[in-house]
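Everything on this sheet refers to the single structure shown next.
The values are calculated or read from the model by the stated rules, or taken from the named source; none is laboratory data. What you see is a predicted model; the values in this text were computed from it and never measured. Cβ placement follows ideal geometry from the backbone for every residue including glycine, while neighbour counts extend to all protein chains displayed. These area figures cover heavy atoms from the full protein model, side chains too; ligands, DNA and RNA do not enter into them. Shrake-Rupley method; radii C 1.70, N 1.55, O 1.52, S 1.80 Å.
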Amino acid sequence: MQDKLAAVQAVFFTLLLCAASVTDLTKRIVPNWICLGIASISILDFAPERLSGILIALPFLLAAVFLGGMGGGDIKLMAACGLVLGLPKGLFAAMAGLSLLLIYVAIYRIVCRVQRREAKKAFPLAPFLSAGCLLAYFIS
């Protein structure tokens with residue numbers, strides 16, 4: 001029974017993260033219902049030690065408050081994903097997602113420089129965070 005719940009959680013986690021990515025790419029928002037859905041599916045394979053995973057959102061919150069340039073949807077997304085992943089996997093997910101973003105931005109800026117066009121300054125974060133979360137989820 002537990003294996004079936006874990007499989008259901010994996011499917012919904014993947015679908016909700018894909019929905020967050022597509023919505024962030026097209027509308028530049030991460031809807032609350034997606035974050036609530038991710039938080040809700042954490043119940044399917046619940047472990048009390050995963051509750052500390054909500055702390056994953058803290059660095060994103062601090063960055064938004066002190067540096068700006070980040071929306072609340074990204075913060076809520078990481079808090080919800082932290083409930084599913086737990087603290088260790090959540091840290092890995094955040095580092096992996098931000099690393100993917102840095103690699104993408106570096107390549108994008110090089111291409112823009114070669115093509116002699118101006119580079120964008122802002123990028124949607126949810127697709128990269130989602131990729132990091134999926135990587136962390138399925139590596140176990």
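For the range 27-106, the alpha-carbon radius of gyration amounts to 1.10 times the rule-of-thumb value 2.2 N^0.38 Å expected for a compact globular protein. Ligands, DNA and RNA are left out, and with a 1.4 angstrom probe the accessible area of the chain is 59 Å² per residue.
When only Cα pairs below 8 angstrom with a gap of at least 6 residues are kept, the chain shows a relative contact order of 28 percent. What's the FRET efficiency of LYS121 with SER40 using the Cβ-Cβ distance as r and R₀ = 35 Å, to the nearest 0.05? Computed FRET efficiency for LYS121 and SER40 comes out at 0.50.
Considered as an equivalent ellipsoid built on the Cα gyration tensor, the range 51-92 has semi-axes of 19, 9, 7 Å, the largest given first. If R0 is 22 Å, the Cβ-Cβ spacing of ARG109 and LEU58 corresponds to a FRET efficiency of close to 0.15.
Over all distinct Cα-Cα pairs of the chain, the Kirkwood formula returns a hydrodynamic radius of 15.4 Å. Sorted on the mean count of surrounding Cβ atoms within 10 Å across their residues, most packed first, peptides 105-113, 34-42 read 34-42, 105-113. Of the solvent-accessible surface of the range 1-95, computed with a 1.4 Å probe and all protein chains present, 75% belongs to carbon and sulfur. The packing ranking of peptides 123-130, 19-26, highest mean first, is 123-130, 19-26, where packing means the average number of other beta carbon atoms within 10 angstrom of each residue.
With the cut-off at 1.5 for a/c, could you classify the range 1-43 from its C-alpha gyration tensor as rounded, prolate or oblate? Note, shape of the range 1-43 comes out oblate.
Treating each Cα of the range 65-140 as an identical point scatterer and summing with the Debye formula, the log10 of I(q)/I(0) at q = 0.17 Å⁻¹ comes to -0.69.
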